[in-house]
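**Q** Below: one structure in structure tokens.
The values are calculated or read from the model by the stated rules, or taken from the named source; none is laboratory data. Nothing here was measured: the structure is a model prediction, and the numbers come from that model. Please note: Cβ atoms are built from the backbone with ideal geometry, for glycine as well, and neighbour counts cover all protein chains shown.
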Amino acid sequence: MHFSPEAAIGALRSRGLDPLPPLGIVLGSGLGAFADEARDATAISYLDIPGFPIPSVEGHAGRLVVGTIEGQRVALFQGRGHYYERGDANAMRIAIDAFRELGGETLLLTNAAGGLKQEWRPPALVAITDHINFSGMNPLIGHVGADRFVPLTKAYDEALLAMLHEAAKSANVELNEGVYMWFSGPSFETPAEIRAARILGADLVGMSTVPEVILARRAGLRCAAVSVVTNYAAGLAGGDPSHEETQAVAHEAADRFKRLLRGFIRAYKPAPA
């Protein structure tokens, strides 16, 4: 299996995006408006970057926006590819590899998620401290080479987590911590699956992020992740979850989410060389 970021790198270089900033942020469902915060920005459609995913989900614009926020240059991935769109766990692979090759050091991933804790009233914000992947899928299946054996003991960087909490405190935003469990989607989870997830130690469920963390760790990137809890998971409240609800509730969190991310960008420091 061969995934080469060279064509993507060439397209980015042709737009003057070499190097890319050390910090990249993936903006999940309903969270893409944060890209509007960037000043002196260059925006490129994923359609114009070979190998980048073409999102088919509403709420994912499919653009790379590179600009300045809080005095720092940031690469904003406005939307992502999900496994369920084309059955490809490597949907974000070339984007992540190109980011790393052009100078990326840290990837902050954001998503909308279902919450398993009653006290996390939507739209609560949760920093992910670990994940559970019982899907049977992994983007490194079929990859050749020793770097497929990626250790995930500290997949979510403790120093970055501390920066998130520092940002939350300075922005007066409540930030919880929890374990995220990946389900492939696109159907939402059943109540029985949610009961099983809770027994396994999950606090959040969602359809993204985990493949990206695995790919990013393989590439040598530091990772952090934040979920916006947009609904109680199946069986924990009346009614059925929906993608429309996910987007609407994510928009409700927009101001707190923006303040948290601005604070994180302000607090961000690359790893010591």
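**Q** Residue check: is PHE52 in a helix (DSSP H, G or I) and under 27 Å from GLY206 (Cα atoms)?
**A** no
**Q** Taking the range 10-55 as the region of interest, how many residues are closer than 16 Å to LEU102 by Cβ, in contact with a Gly (Cβ under 8 Å, 6 or more places away or on another chain) and among the hydroxyl-bearing types (Ser, Thr, Tyr)?
**A** 2
**Q** Still on this model: Scan the range 29-52 and report the pairs whose first residue is among the acidic types (Asp, Glu) and whose second residue is surrounded by fewer than 16 Cβ atoms within 10 Å (Cβ to Cβ), with Cβ atoms within less than 8 Å and a gap of 6+ or a chain change.
**A** ASP40/THR68
**Q** Restricting to the range 192-241, count the residues that are surrounded by 16 or more Cβ atoms within 10 Å (Cβ to Cβ), assigned to a loop (DSSP other than H, G, I, E, B), over 18 Å from the mean Cα position of the chain (by Cα) and not aliphatic (A, V, I, L, M).
**A** Number of matching residues: 1.
**Q** Look at ARG63 and say whether it is within 17 Å of the chain's Cα centre (by Cα), surrounded by 16 or more Cβ atoms within 10 Å (Cβ to Cβ) and under 25 Å from HIS243 (Cα atoms).
**A** yes
**Q** Report the residue count in the range 156-191 for those that are in a helix (DSSP H, G or I) and under 15 Å from GLY115 (Cα atoms).
**A** 1
**Q** Among the residues of the range 56-68, count how many are in a strand (DSSP E or B) and either in contact with a Gly (Cβ under 6 Å, 6 or more places away or on another chain) or hydrophobic (A, V, I, L, M, F, W, C) (or both).
**A** Count: 3.
**Q** Regarding TYR180, is this residue among the aromatic types (Phe, Trp, Tyr), touching a Leu at 6+ places or on another chain (Cβ under 9 Å) and surrounded by 14 or more Cβ atoms within 10 Å (Cβ to Cβ)?
**A** yes
**Q** Identify, from the list ILE9, ILE44, ILE49, ILE54, the residue that is over 20 Å from PHE257 (Cβ atoms), β-branched (Val, Ile, Thr) and modelled with pLDDT under 95.
**A** ILE54
**Q** May I ask you to list pairs of residues, at least six apart or on different chains, whose Cβ atoms are under 9 Å apart, with the first in the range 247-269 being touching a residue at least 12 places away in the same chain (Cβ under 8 Å) and closer than 17 Å to LYS169 by Cα and the second being in a helix (DSSP H, G or I) and among the basic types (Lys, Arg)?
**A** That search, which allows pairs on different chains as well, returns GLY263/LYS169.
**Q** While we're here: Just checking, which of ALA33, ALA91, ALA8, ALA98 is surrounded by 24 or more Cβ atoms within 10 Å (Cβ to Cβ), in contact with a helix residue (DSSP H, G or I) (Cβ under 7 Å, 6 or more places away or on another chain) and assigned to a helix (DSSP H, G or I)?
**A** ALA98
**Q** Tally up the residues in the range 242-272 that are out of contact with any strand residue (DSSP E or B) (no Cβ under 9 Å at 6 or more places or on another chain), more than 16 Å from PHE188 (Cβ to Cβ), in a helix (DSSP H, G or I) and among the charged types (D, E, K, R), please.
**A** Count: 3.
**Q** Only one residue in GLY28, GLY81 is at pLDDT below 95, surrounded by 20 or more Cβ atoms within 10 Å (Cβ to Cβ), under 24 Å from ASP147 (Cα atoms) and not aliphatic (A, V, I, L, M). Which one?
**A** Step by step, each of GLY28, GLY81 is checked, and only GLY81 is at pLDDT below 95, surrounded by 20 or more Cβ atoms within 10 Å (Cβ to Cβ), under 24 Å from ASP147 (Cα atoms) and not aliphatic (A, V, I, L, M).
**Q** Does the range 69-76 contain at least one residue that is crowded, with 21+ Cβ neighbours inside 10 Å, assigned to a helix (DSSP H, G or I) and touching a helix residue (DSSP H, G or I) at 6+ places or on another chain (Cβ under 9 Å)?
**A** no
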